[in-house]
Amino acid sequence: MTDTARTPSEPGEGPAEAVSAPREATYAPGTGASPTGRGSRRRRLRWLRYAAVVTAVLVLAAGGLGWAAYNKLNGNITKDTTAAAELERYEKERPTPLVHDAQNILLIGSDSRSGPDNRKYGRDPGTQRSDTTILLHLAADRQSATAVSLPRDLMVDIPSCRRPDGSRTRAQFAQFNWAFEFGGTACTIRTVEKLTDIRVDHHMVVDFAGFKDMVDAVDGVQVCLKNPIDDRGAKLRLPAGAQMLNGEQALGYVRARKSLGNGSDTERMDRQQEFLAALVNKVRSNDVLLNPTKLYPVLDAATSSLTTDPGLASLRGLYELVRGVRNIPTERVQFLTVPRRSYTYDANRDELVEPAAEALFTRLRMDEPVQVARAATAETYERAASKSYEDAADNSADGAEDAYEEGESEDYEDAAYDEDDGDSWSDEKPDDPTHTPSPAPTFRGNTADRTACE
């Protein structure tokens, strides 16, 4: 087939007289073409202009769609200015960050029944409690992440907090998840900081509907069930073995308690940690991150259900956070529960195991590594730590008595008494070498590289 667009005068062509009649006959009337090639060049220039215009329109359209998607995702995020303002009022009492670039983020799963998507999980009393609370520590070098679950039934000191109606609660010793009911995120953050002496840099709150949407957006998450589940309260019925859970099933799985295992909140937190590890792996997989058609629904579900502090309340803020942690190896993404045991005066409540809990909090404050292992190893550590704590407490009491007898009781009381409260002792602990943890202590927990049925 001959090329009618090229002329004999162009390089690579033969003499003009070599052009055959059939080639001349291919020029269509009315097109302006001629054997000299001038019409052909004009036609090509017109097509180039048309192509440029079409390309420009497509680029602008793609850019417009990208900008529209960005604005939608950015607008999905709810900015928690109320908590920010309340925390600002108590800035002087908050812990000081000790390690530059290390970050601590409080993740709160709200059990709010408000809204059409959450109402089916129970009556809406107009209040909410934190169903799940995790303190996520990101190492300064971004080579590890440690997620510490705080039991909702843990007995803690809750400070006086501002209610939504402007009134204030009294400071009290109560179960941890009451803080969220009393004063929302700000009260929960102040309670966590009082308990751990760790500065909370950011916070995120997700409700039931948001959690379900994220699981559905990644086409489900696989878990491994040792026994079948039939829990009416959690609306969950599953056979034993490997199961791919959709959003509704996943919500029931992480909330179920009495029908699984020994019915304890500790086992429930273990299941939550295992599920979150599986979800992290699913989101980080190339099947999601490198597939825009799958990534966008995940981002849409995540941002639609998210309430954050102003520092994270934008795609830019979230991107800066994710960019620093996306390359953390899964074996260095750790999940554990703060060392706890049944509360002495109520078996349905929890209390910290000391000094194991303080050892953990100290490591996180100082951005020092911790290790997690199966139950037996960590429980051995906690038992040893508890004995050490009791011995240290006896020595501390003896020292205080000696100081009092030597006439130093006034200084001792000034150091230990909290004048602002007036009727309680401060949480400040004197320096004590017995509280120094051993290198990289081991705690009961799991890592994100564990497979669902391992």
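The values are calculated or read from the model by the stated rules, or taken from the named source; none is laboratory data. Predicted, not measured: the structure shown is a model, and the values here were computed from it. Cβ coordinates were reconstructed from backbone atoms using ideal geometry, including for glycine residues, and neighbour counts include every protein chain displayed.
For segment 162-194: of the residues being in contact (Cβ under 8 Å) with a residue 24 or more places away in the chain and more than 25 Å from the chain's Cα centre (by Cα), which is farthest from T308 (Cα to Cα)?
Checked segment 162-194; the qualifying residue farthest from T308 (Cα to Cα) is A171.
Residue under question is T81, and the condition is that it be modelled with pLDDT under 90, surrounded by 10 or more Cβ atoms within 10 Å (Cβ to Cβ) and within 25 Å of the chain's Cα centre (by Cα); does it hold?
When the stated conditions are applied, T81 does not pass them.
Taking segment 125-143 on its own, how many of its residues are of a type outside the set (K, R), in a loop (DSSP other than H, G, I, E, B) and either touching a strand residue (DSSP E or B) at 6+ places or on another chain (Cβ under 6 Å) or under 20 Å from M269 (Cβ atoms) (or both)?
Residues meeting the conditions: 1.
One residue is enough: does segment 306-319 have a residue meeting the conditions in a loop (DSSP other than H, G, I, E, B), among the acidic types (D, E) and crowded, with 20+ Cβ neighbours inside 10 Å?
yes
I'd like the residue in segment 206-236 that is part of a strand (DSSP E or B) and in contact (Cβ under 8 Å) with a residue 40 or more places away in the chain and, out of all such residues, is farthest from the chain's Cα centre (by Cα).
C224
State all residues of segment 332-352 that are over 12 Å from R152 (Cα atoms) and either aromatic (F, W, Y) or assigned to a strand (DSSP E or B) (or both); if no residue qualifies, say none.
Residues satisfying the conditions are V333, Q334, F335, L336, R341, S342, Y343, Y345, D346, A347, L352.
Could you check segment 148-169 and list, in sequence order, the residues that are touching a strand residue (DSSP E or B) at 6+ places or on another chain (Cβ under 9 Å) and either over 12 Å from V192 (Cβ atoms) or among the polar types (S, T, N, Q) (or both)?
Selection gives S149, P151, R152, D153, M155, S160, C161, R162, R168, T169.
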